[in-house]
Amino acid sequence: MLEVKDLHVHYGVIEALKGVSLQVEQGKIVSLIGANGAGKTTMLHAISGIVKKSGGSIAFLGNDITKAKAKNIVEQGLIQVPEGRRIFTGLTVYENLMMGAFLRKDKEGIQKDLQRCYELFPILSERTNQDAATLSGGEQQMLAMARALMAQPKLLLLDEPSMGLAPILVKEIFSIIEEINKNGTTILLIEQNAKMALSIADKAYVLETGNIVLEGSGKELLNSANVQKAYLGG
Ligand code: ATP
């Protein structure tokens with residue numbers, strides 16, 4: 001579904017991605033783990049068309065999107081939930097969800113998806129008329145995910161959904177990610193929480209200073225001595 005080949009990204013003289021290749025198969029959960037500064041966010045931004053690539057290629061559903069504009073990539077069904085959630089404060093929960101659907105014109109479909117989001121995240125249904133700024137961190141993460149679902153993603157890119165959340169909420173968010181996947185959405189998950197990210201992944205990659213240093217099934221990487229030492233506290 002997504003094929004990234006030999007991707008390079010520079011910020012001035014800094015090379016943040018040094019020839020990264022990865023694949024995401026339709027229907028799967030793929031996790032990309034790595035420490036601070038490894039290049040995880042750069043990778044997502046490159047796929048979403050937000051940063052310029054200095055080399056390599058990206059194909060989505062067989063189309064070359066290496067040079068495509070961010071809006072065009074969203075229209076093809078590749079939707080990002082950004083790090084830090086970036087919800088629209090000053091707008092209600094409902095209005096935030098509608099922003100996710102702003103490229104759509106199918107009113108009935110939008111209503112159906114709205115109901116689905118409220119079923120998946122009942123707390124959002126209770127908070128529908130509340131200013132999004134007043135939501136807790138966990139609720140804001142749920143809103144950001146629900147807003148992305150309103151755009152009917154074929155592939156959902158999640159940037160550190162566990163960031164800043166209490167362990168119990170992290171568990172809840174990850175079980176919702178699995179449910180979204182079971183309902184048919186393919187997931188590319190970027191995480192520093194290696195244990196959680198690997199435990200739900202069909203396939204996983206380890207990124208270190210701009211290079212993929214390990215890849216395998218989630219289980220293989222959870223059991224890998226190198227991963228345990230570097231990312232799972234021994
Ligand atoms: P974190 O988990 O801390 O968000 P990350 O793995 O997502 O880290 P990136 O944010 O992709 O890492 O950053 C990769 C490297 O590129 C880092 O060394 C970072 O300092 C650098 N970098 C990122 N954005 C820019 C920018 N706009 N200008 C210059 N350097 C940047």
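The values are calculated or read from the model by the stated rules, or taken from the named source; none is laboratory data. Nothing here was measured: the structure is a model prediction, and the numbers come from that model. Cβ: placed from backbone, ideal geometry, glycine included. Neighbour counts: every protein chain shown.
What to note about this one:
- In the set (1) within 16 Å of the ligand (Cβ to nearest atom); (2) closer than 25 Å to L169 by Cβ; (3) among the hydrophobic types (A, V, I, L, M, F, W, C), the condition left unmet by I29 is number (1).
- Of all residues in segment 67-93, those that are surrounded by 17 or more Cβ atoms within 10 Å (Cβ to Cβ) have Cβ atoms under 8 Å from Cβ atoms of residues that are of a type in the set (F, W, Y), 6 or more apart or on another chain, in I73/F60; L78/F60.
- Only listed residue being within 18 Å of E25 (Cα to Cα), out of contact with any Asp or Glu (no Cβ under 8 Å at 6 or more places or on another chain) and modelled with pLDDT of 95 or more, chosen from G184, G216: G216
- Pair list, Cβ under 7 Å, 6 or more apart: segment 31-43 residue assigned to a strand (DSSP E or B), other residue within 7 Å of the ligand (Cβ to nearest atom) and of a type in the set (D, E, K, R): L32/K40
- Unique match (being among the polar types (S, T, N, Q) and surrounded by fewer than 15 Cβ atoms within 10 Å (Cβ to Cβ)) among N181, N226: N226
- Evaluation of Q192 against (1) surrounded by 16 or more Cβ atoms within 10 Å (Cβ to Cβ); (2) farther than 19 Å from E83 by Cα; (3) not aliphatic (A, V, I, L, M) (one fails), failing number: (2)
- Subset tally (residues that are hydrophobic (A, V, I, L, M, F, W, C) and surrounded by fewer than 20 Cβ atoms within 10 Å (Cβ to Cβ)) for segment 146-169: 5
- Residue check for E191: under 16 Å from L222 (Cα atoms) and either over 14 Å from the mean Cα position of the chain (by Cα) or modelled with pLDDT under 95 (or both): yes
- Scanning segment 180-202 for residues that are in contact with a helix residue (DSSP H, G or I) (Cβ under 7 Å, 6 or more places away or on another chain) and in a strand (DSSP E or B) yields I187, L189, I190, E191.
- Among the candidates I177, I168, residue that is modelled with pLDDT under 90, not small (G, A, S) and not in a loop (DSSP other than H, G, I, E, B): I168
- Only one of A38, A16 that is within 11 Å of the ligand (Cβ to nearest atom), in contact with a Gly (Cβ under 6 Å, 6 or more places away or on another chain), over 24 Å from E179 (Cα atoms) and not hydroxyl-bearing (S, T, Y): A16
- Contact map, segment 192-220: first residue within 16 Å of A16 (Cβ to Cβ), second residue of a type in the set (K, R) and in a strand (DSSP E or B), Cβ cut-off under 8 Å, separation 6 or more or different chains; pairs are T209/K18; G210/K18; N211/K18.
- Scope segment 125-152; condition under 17 Å from N183 (Cβ atoms) and under 11 Å from the mean Cα position of the chain (by Cα); matching residues: M145, A148
- Close contacts from segment 1-13, counting a first residue that is surrounded by 13 or more Cβ atoms within 10 Å (Cβ to Cβ) and a second that is acidic (D, E) and assigned to a strand (DSSP E or B), with Cβ to Cβ under 9 Å and a gap of 6+ residues or different chains, come to H8/E15; V9/E15.
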